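Have a look at the structure that comes next, please.
The values are calculated or read from the model by the stated rules, or taken from the named source; none is laboratory data. Note that this is a predicted model, so its numbers are computed, not measured. Here the Cβ positions follow ideal geometry from the backbone for every residue, glycine too, while neighbour counts run over all protein chains shown. Heavy atoms of the whole protein, side chains included, go into the accessibility calculation; ligands, DNA and RNA do not. Shrake-Rupley method; radii C 1.70, N 1.55, O 1.52, S 1.80 Å.
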Amino acid sequence: MKLIKKNRLKDFLNTLMNYYDVFAPVLKHKKIRFQKISTPEEVILEYSNTHNKPTELFFPQCEVLFEVDLKENIPEQPPKPDKPVIVFGIRPCDARSLQILDKVFHWDGVDDPYYFARRNNAILIVMGCTEPRSTCFCTSVGSGPMDHNGADLFLTELPEAYAIEPVSEKGKAVFEQVNDLLEDATEGELKSLAELTRRAEQMIDSEVNLNGLSDKLRGMFDHPVWDEFHLSCIGCGTCTYLCPTCHCFDILDEKKGNYVRRIRFWDCCMYPYFTLQSSGHNPRPTQKQRVRQRVMHKFQYFVENFGEIACVGCGRCILNCPVNLDIRSILKRLMEVKG
Amino acid sequence: MSIEQNIREISRKLLSDGVVDLIIGYGQGTLPYATTPVFIRNADDVEQLIWNPCCTNNLALYVRRELEQANKKKDARPLKIGVVTKKCDAKAMVELIRENQLKRESIVVIAVPCSGMLDKAKLHKRAGDRELLRVEVSGSEVILAGRGFEIKVNRDEVLRDNCLVCKDPESLPIADEIVVEKDDYKKPYVEDDFSDVKEHEKLSPQERWAVFRAEFENCIRCYACRNACPMCYCSECFAECSQPRWLGGSVELKDVLFFQIVRVLHQAGRCVDCGACAAACPMDLDIRKYTRKLNYDALNIFRFETGVSPDDKPLLATFSIDDTQEFITEPE
Ligand code: SF4
Ligand code: SF4
Ligand code: SF4
Ligand code: SF4
Ligand code: SF4
């Protein structure tokens, strides 16, 4: 096992910055979110998780799909990134959420070129969670604070160093590039790694038993239990805009003089206009139906379409819902009622 | 008896006597600094009602929505709602009554003597942004605790700014049932001299733009500020209107600024400074600054204050020949 001493982390990041555009958690206007760094000092290392979802690096809130000058009639493609990207310090749940998005953006075997241009260009250095939050329930959705799935390199914080493990081929290449900075772990450090790994799992005290939920939900579309949740919901969309697995979008053409562009931007199932059709018909006219949709999509339809739950248990929706409508409470209630 | 028990008792009576069909109040949340709005139709369920300094949401929003939905159902008996009401919720209901969005006789106001709500952002800041696992209020002290720390802070210092300037929160402009129990803590009252607004006015347009921009370039356009606001009730918001389309779809500055400017301007003479928008904003943006500017203008130019009496006309529905017209400017 190799590790990087904490006092050499700066050199580590500087080395990476020679080869890559490095994105890491930084403090931006009171909130921690992923941004491209220009010095290692910007990086915030004390964070349970970022406020905004890191999937926004791959599927940004708004992007230009193409631009056209009507006079010249020449479509202009937006510039593609040239330097490979490293995302440093992404948490296991969020790395997993990218695997979930991969499936959506590869539906029916067709790659979404915008998403995959960024995704294939990026290497994920995942930081295990030694201090999970009370709202983290990753272990309930098939993952955990030390889940290596989706990582290229995996880091675990020890008292004086970070243990570093290459997970994928891409990760091994980075591992070689920084090899000079790495040291072998001592007996004590190995022990501490094992201990911290075990402790992290135990520290997750928020658990929801989801066994059999998706099968059960299949028959529950018209269940009276759906009358219980939506009353407090104000349909604000915070839960979906911060959720790393949410991926719904809208497309719009905007025109200014001879300049036309097509943009794609996030949309949200909690808004009434999300499903409004041009005929005037709205198949989901009430908040009850919209709340049901959010839960069903993550815990039933997605399982049916892609074989896994579209929630990674990061807790962002719980922490930020202005009316404290807690997804864990909804799930517990769905598990307990008679289907 | 505590305020909470008092609220439950009143609610139980209102429901069992058939005076109201529904009680809207606050219930236990799942986070230490959160409550969640609850909707109670059965007298046996009043134990769900709680009261503490985290009852931040403005319930007037739900009252209007429930009544609107009930009124859509033809031949149904008109719905009557009992509302656990702070002063700012009452002020919002006053404005809604004046704007014909609410009938006074459809609501039973359970007037609660409020001693100010805690500011979530301030709590987190005082805890050094460590995770809060316990927030305990006793008298003028608030205990903040998490993994490996427990600190005491002065309650005055973690109240929301709009609560600090809220005058006489025990006396509500409308009230039917009065909660007589009192908190053993009295919130400080700071006379609002609008000095922050006046300071802001002194800046040059370029500087004001820079302040605005620094804040709102972080907006994720989630609309939580709009949706948490009791006064934002348009059935079609300009932000989503597609015929014509007023607003682009992006989160580029042009679009978030336009959204925010129009949202704020639509509050002129209407905002009751309840702070619900600011509390709901997931990005902790300073949105209150701008509605305050409008409140200041309404007061300063027209001597108008929101939420005072349901019998007056709304500011925008009045005209007097003496109205000052200084704010009307010619394009340069
Ligand atoms: S964040 Fe909460 S209130 Fe807002 S849409 Fe989601 S569940 Fe509803
Ligand atoms: S639903 Fe909530 S907990 Fe699950 S991934 Fe989305 S934000 Fe995280
Ligand atoms: S949800 Fe799990 S993996 Fe994600 S931050 Fe929390 S503990 Fe870590
Ligand atoms: S709540 Fe905050 S982030 Fe959301 S739209 Fe309003 S100002 Fe923007
Ligand atoms: S704009 Fe904000 S402070 Fe004013 S009434 Fe609406 S929610 Fe309350």
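How about region A:8-90: which trypsin sites (Lys or Arg not before Pro) there lie in a loop by DSSP and see at most 13 other Cβ atoms within 10 Å?
Filter output for region A:8-90: A:71.
So what is the calculated 222 nm ellipticity per residue for the protein assembly as shown, using -39500 (n - 2.57) for each DSSP H run with n of 4 or more, over all residues, to the nearest 500 deg cm²/dmol?
Estimated from H runs of four or more residues: -8500 deg cm²/dmol.
Among the aspartates and glutamates, select those whose C-alpha is under 16 Å from the C-alpha of residue B:72, and discard any that sit fewer than 8 residues away in the same chain.
Within the straight-line cut-off, residue B:72 pairs with nothing.
Could you work out how far the C-alpha centroid of region A:238-294 sits from that of region B:113-153, in angstrom?
Region A:238-294 and region B:113-153 have Cα centres separated by 37 Å.
Give me the dipole magnitude in Debye, nearest 20, for the protein assembly as shown about the Cα centre, with unit charges on the beta carbon: positive for Lys and Arg, negative for Asp and Glu.
With only Lys, Arg, Asp and Glu charged at Cβ, the dipole is about 1000 debye.
List the chymotrypsin sites (Phe, Trp or Tyr not before Pro) in region B:253-332 that DSSP assigns to loop (not H, G, I, E or B) and whose Cβ has at most 16 other Cβ atoms within 10 Å. Which are they?
Taking region B:253-332 and a limit of 16 other Cβ atoms within 10 Å, the loop chymotrypsin sites (Phe, Trp or Tyr not before Pro) found are B:319, B:327.
How about residue B:186: which aspartates and glutamates have a C-alpha closer than 19 Å to its C-alpha, ignoring those fewer than 8 places off in the same chain?
B:4, B:119, B:136, B:141, B:156, B:157, B:161, B:168, B:170
Got a number for the accessible area of residue B:40? Probe 1.4 Å, square angstrom, nearest 10.
Solvent-accessible area, nearest 10 Å²: 0 Å².
Sticking with this structure for a sec: Amide H of residue B:56: which non-local residues (sequence gap of 5 or more, or other chain) have their own amide H closer than 5 Å, using H built in the peptide plane?
Residues meeting the amide H criterion: B:35.
Let me ask something else. Please give the FRET efficiency for residue A:221 paired with residue A:65, using the beta carbon to beta carbon distance and R0 = 35 Å, rounded to the nearest 0.05.
FRET efficiency, residue A:221 to residue A:65: 0.55.
Using a Förster distance of 35 Å, how high is the FRET efficiency between residue A:211 and residue A:289, based on the Cβ-Cβ distance and rounded to 0.05?
Between residue A:211 and residue A:289 the formula returns 0.85.
Compute log10 of I(q)/I(0) for region A:267-339 with the Debye formula, placing one identical point scatterer on every Cα and leaving out solvent, at q = 0.12, 0.13 Å⁻¹, to two decimals.
-0.40, -0.46
Then there is this: Could you name the aspartates and glutamates in cross-link range of residue A:170, using Cα to Cα under 16 Å and dropping any fewer than eight places away on the same chain?
Straight-line reach from residue A:170, under 16 Å: A:21, A:152.
Something else about it: Do any cysteines of chain B lack a neighbour Cys whose Cβ is under 4.7 Å away, and which are they?
When partners are defined as cysteine Cβ atoms under 4.7 Å apart, chain B leaves B:54, B:55, B:114, B:163, B:166, B:219, B:222, B:234, B:237, B:241, B:271, B:281 without one.
At what distance in angstrom do the alpha carbon centres of region B:207-238 and region A:115-152 lie from each other?
Centre-to-centre (Cα) distance: 32 Å.
Could you compute how fast chain B diffuses translationally, taking Rh as the Kirkwood radius over C-alpha pairs and applying Stokes-Einstein at 10 °C with viscosity 1.306 mPa s? Give it in µm² per second.
Answer from the Stokes-Einstein relation: 74 µm²/s.
Among A:90, A:263, A:74, whose mean-square fluctuation peaks in a Gaussian network model of chain A (Cα, cutoff 10 Å)?
Looking only at A:90, A:263, A:74, the biggest GNM fluctuation is shown by A:74.
Now, a different point. So how strong a dipole does region A:205-339 carry about its Cα centre when Lys and Arg Cβ are +1 and Asp and Glu Cβ are -1, to the nearest 20 debye?
Taking the Cα centre of region A:205-339 as origin, the dipole is about 380 debye.
Turning to a different aspect of this structure: Rounded to whole Hz and in sequence order, give me ³J(HN,Hα) for region B:248-256 from the Karplus expression 6.51 cos²θ - 1.76 cosθ + 1.60, θ = phi - 60°, writing x for Gly and Pro.
Once rounded to whole Hz, the list reads x, x, 8, 10, 5, 3, 4, 7, 5.
Could you give the length gained on full extension between residue A:277 and residue A:45, defined as 0.36 nm per residue of separation minus the Cα-Cα distance, in nm?
Between residue A:277 and residue A:45, full extension yields an extra 78.9 nm.
Using 14 Å as the cut-off for backbone N distance, which residues of region B:176-216 belong to the label zone defined by a point 7 Å from the Cα of residue A:31 along Cα→Cβ?
B:215-216
Based on the Cβ-Cβ distance of residue A:186 and residue A:117, what FRET efficiency does E = 1/(1 + (r/R0)^6) give at R0 = 45 Å, to the nearest 0.05?
Efficiency at R0 = 45 Å is approximately 0.60.
Separate question: For region A:206-221, what does the Karplus curve 6.51 cos²θ - 1.76 cosθ + 1.60, with θ = phi - 60°, yield as ³J(HN,Hα) per residue in whole Hz, taken in order and with x for Gly and Pro?
Along region A:206-221, the couplings run 10, 10, 10, 7, 10, 4, x, 4, 5, 5, 5, 4, 3, x, 10, 4 Hz.
Related question: What spacing in nm lies between the two simple spin-label points modelled at residue A:168 and residue B:41, each 7 Å away from Cα in the Cβ direction?
Calculated label separation equals 5.0 nm.
Determine the percent antiparallel among the DSSP beta bridges restricted to the protein assembly as shown, to the nearest 5.
The antiparallel proportion sits near 70 percent.
Of B:91/B:152; B:182/B:313; A:30/B:120, which ones are farther than 22 Å apart at the Cα?
The answer is B:91/B:152; B:182/B:313.
Of the DSSP beta bridges with both residues in chain A, give the percent that are antiparallel, rounding to the nearest 5.
Antiparallel: roughly 75 percent of the beta bridges in chain A.
Could you give me the ³J(HN,Hα) list for region A:16-31, computed from phi with Karplus coefficients 6.51, -1.76, 1.60 and θ = phi - 60°, whole Hz, x at Gly and Pro?
Karplus-based 3J(HN,Hα) across region A:16-31 equals 4, 5, 5, 9, 9, 7, 9, 10, 8, x, 10, 8, 10, 6, 6, 10 Hz.
Along the Cα→Cβ direction, 7 angstrom out, place labels at residue B:199 and residue A:332. What is the inter-label distance in nm?
For the pair residue B:199/residue A:332, the computed spacing is 4.4 nm.
Give the accessible area for residue A:239 in Å² (nearest 10); use a 1.4 Å probe, count only protein heavy atoms, and leave out ligands, DNA and RNA.
Looks like 20 Å² after rounding.
Please compute the average number of Cβ atoms from other chains found within 10 Å of each residue's Cβ in peptide A:22-31.
Average per residue, whole number: 3.
If I model a spin label as a point 7 Å beyond the Cα along the Cα-Cβ vector, how far apart are those points for residue A:256 and residue B:234 in nm?
2.2
I'd like the accessible area for residue A:107: 1.4 Å probe, protein heavy atoms, all chains in place, Å² to the nearest 10.
The value for residue A:107 is about 130 Å².
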